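See below for the structure under consideration.
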Amino acid sequence: MSLETIKATFQASIDTKQALIDDTARLEVLLEIAELASSTIKADKKIMLCGNGGSAADSQHIAAEFIGRFEKERKSMAAIALTTDTSALTAIGNDYGYEEVFSRQVEGLGQSGDLLIGISTSGNSKNVVKALEVAKKKGIRTVALVGNKPNGVMQAIANYVLVAPSTNTARIQECHILMMHTICQLVESESV
């Protein structure tokens with residue numbers, strides 16, 4: 001252990017975020033997604049989020065920002081993390097398989113005009129891929145947050161894709177939460 005290790009880790013995080021700042025095309029996609037999320041809420045539709053592991057935690061975190069508040073007092077916004085209902089997750093996993101834990105929820109809860117945000121550092125999480133596929137069939141717009149890893153299946157399915165400019169899982173997750181916080185901030189500013 002050393003201070004140099006800590007500094008190197010912090011610098012890697014900064015460098016990854018700087019790559020985000022320097023990529024105008026990526027920021028324009030982020031703005032489009034924020035506008036889509038805002039129009040979804042204004043149309044009295046909901047935002048659904050899903051992911052595995054750290055991405056599941058990010059899904060829950062962002063759903064809470066929409067339901068509660070991010071920075072400003074305002075009306076609650078309809079958002080749900082599909083990662084939180086342990087009875088549904090375990091029943092679906094047991095009866096249909098783990099690959100179906102999100103898609104069955106999208107099938108039952110999702111409506112045309114909703115928005116599904118799938119988060120996966122690899123871009124290949126089978127249960128998130130299936131959720132995106134079901135969403136598209138139901139007329140639910142889709143967003144994929146992925147890492148800069150080649151051959152991500154989610155990138156080919158989603159209507160919008162935000163790629164974190166890294167192949168390192170921790171750096172990808174840090175970018176995902178930054179991008180989603182930025183979307184929350186933009187959506188909230190439109191609702192106040």
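The values are calculated or read from the model by the stated rules, or taken from the named source; none is laboratory data. What you are looking at is a predicted structure, and each value in this text was computed from that prediction instead of being measured. Don't worry about glycine lacking a Cβ; one is built from the backbone with ideal geometry, like all the others, and counts go over all protein chains shown.
Quick notes
- Residue check, GLU133 acidic (Asp, Glu), under 24 Å from ALA19 (Cβ atoms) and in contact with a helix residue (DSSP H, G or I) (Cβ under 7 Å, 6 or more places away or on another chain): no
- Flag for LEU178 being of a type in the set (A, V, I, L, M), modelled with pLDDT of 95 or more, surrounded by fewer than 19 Cβ atoms within 10 Å (Cβ to Cβ) and within 17 Å of SER38 (Cα to Cα): no
- Taking the range 60-105 as the range and being part of a loop (DSSP other than H, G, I, E, B) and either of a type in the set (Phe, Trp, Tyr) or closer than 21 Å to ASN124 by Cβ (or both) as the test, the residues that pass are PHE70, LEU82, THR83, GLY97, VAL101, PHE102.
- Among residues of the range 137-151 that are touching a residue at least 60 places away in the same chain (Cβ under 8 Å), those with a Cβ under 8 angstrom from a residue that is of a type in the set (Phe, Trp, Tyr), sequence gap 6+ or separate chain, pair up as ARG141/TYR160; VAL143/TYR160.
- Long-range neighbours under 8 Å by Cβ, at least six apart or interchain, first residue at pLDDT 95 or above within the range 80-97, second charged (D, E, K, R): ILE80/LYS46; ALA88/ARG104; ILE92/GLU100; ILE92/ARG104; GLY93/GLU100; TYR96/ARG104
- When residues of the range 103-135 are limited to those that are among the charged types (D, E, K, R) and over 16 Å from the mean Cα position of the chain (by Cα), the one nearest to ILE92 (Cα to Cα): ARG104
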